[in-house]
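All remarks here apply to the structure that follows.
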Amino acid sequence: MNFKELVLQAIEIPENDFHPLVHILGEPEVGEGTYIGLFSEINANGATLRIGKNCDIASFVAINCADSHMMTIGLAESISRRDIIIGDNVFVGSHSFIGGYTEIGDNSVVGAGTILINAGKIPPYSLIVGNPPVIKEGYYKK
């Protein structure tokens, strides 16, 4: 057994096409040419999670369709799961979080540290930054 196999076995992260230290749950749809950085987590269990082609998902990014907070505090019987759609040619900066009910249009940028939960439909060519997020529609339009 080589070093990579030992590390993967020790941390119990299933092997994927991106990096040994990217954790992918469920079966997200990931477009051709998309990069997902070190220590990122993609959770598609129970919902649609689609990442377009030629995207750059930086390191330490969490993209998670599941929200368990209402169940944890006893106000729901189950985990809420909502779809996430990320268009083509989208950059997601380091330490960002993208939660359910979020659709990011093509050619958009999510700035580092941005938190998106229940963000709805964000138009193409947008710059999205902060917590709470500020959406600058058309920021990258030619």
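The values are calculated or read from the model by the stated rules, or taken from the named source; none is laboratory data. Just so it is clear, the model here is predicted, and its values are computed rather than measured. Cβ atoms come from the backbone with ideal geometry, glycine included; neighbour counts cover every protein chain shown. What goes into the accessible areas is simple: the full protein's heavy atoms, side chains included, and nothing from ligands, DNA or RNA. Shrake-Rupley method; radii C 1.70, N 1.55, O 1.52, S 1.80 Å.
With charges set only on the Cβ (+1 for Lys and Arg, -1 for Asp and Glu), what does the dipole of the chain come to about its Cα centre, in debye to the nearest 20?
Numbers: 9 positive and 16 negative charges, 109 e Å.
Roughly 520 debye, rounded to the nearest 20.
What does the net charge come to around GLY105 if you take all other residues with beta carbon closer than 12 Å to its beta carbon, with K and R at +1 and D and E at -1?
Details: positive: LYS121, LYS141; negative: ASP88, GLU103, ASP106, GLU137.
Around GLY105, the surrounding residues sum to -2.
Sort 65-73, 49-57, 113-121 for me by packing, meaning the mean count of neighbouring Cβ atoms within 10 Å per residue, highest on top. Spell out each step's value before the answer.
On the way: 65-73: 14.4, 49-57: 19.8, 113-121: 16.2.
Most protected by this proxy first, the peptides run 49-57, 113-121, 65-73.
Using the C-alpha atoms of region 33-72, what convex hull volume per residue, in cubic angstrom, is computed?
Taking the convex hull of the Cα positions in region 33-72, it is 75 Å³ per residue.
In a Gaussian network model over the chain where Cα atoms closer than 10 Å are linked, find which of PHE91, PHE18, PHE60 has the largest mean-square fluctuation.
Of PHE91, PHE18, PHE60, the Gaussian network model singles out PHE18 as fluctuating most.
Taking the alpha-carbon set of region 76-120, what are its Rg and Dmax in Å?
11.5, 38
Given the options VAL30, VAL61, VAL90, state which has the largest fluctuation in a GNM of the chain using a 10 Å cut-off (strictly under) for Cα springs.
Among VAL30, VAL61, VAL90, the largest GNM mean-square fluctuation belongs to VAL30.
What does the helix-only formula give at 222 nm for the chain: each DSSP H stretch with n ≥ 4 adding -39500 (n - 2.57), the total divided by the residues, and the result rounded to the nearest 500 deg cm²/dmol?
Details: 2 runs with 13 residues, N = 142.
So the helix-based figure for the chain works out to -2000 deg cm²/dmol.
Given that compact globular proteins tend to follow 2.2 N^0.38 Å, what is the ratio of the alpha-carbon Rg of the chain to that value? Display every interim value, and only then the final one.
Details: Rg = 15.5 Å, N = 142, 2.2 N^0.38 = 14.5 Å.
That ratio works out to 1.07.
Under the rule of at least 5 residues apart or a separate chain, name every residue whose amide H is placed under 5 Å from the amide H of ILE24.
ILE42
Accessible area per residue for the chain in Å², computed with a 1.4 Å probe and the full protein assembly in place, what is it? Before the final figure, lay out each step's value.
Numbers: 8140 Å² over 142 residues.
Per residue, the chain has an accessible area of 57 Å².
Once neighbouring chains are kept in place and the probe is 1.4 Å, which whole percent of the accessible area of the chain is contributed by carbon and sulfur?
Values: 4250 of 8140 Å².
Solvent-exposed carbon and sulfur of the chain make up 52 percent of the total.
If one computes the Cα centroid of region 19-51 and of region 77-91, what distance in Å separates the two points?
Using only Cα atoms to place each centre, the spacing works out to 11 Å.
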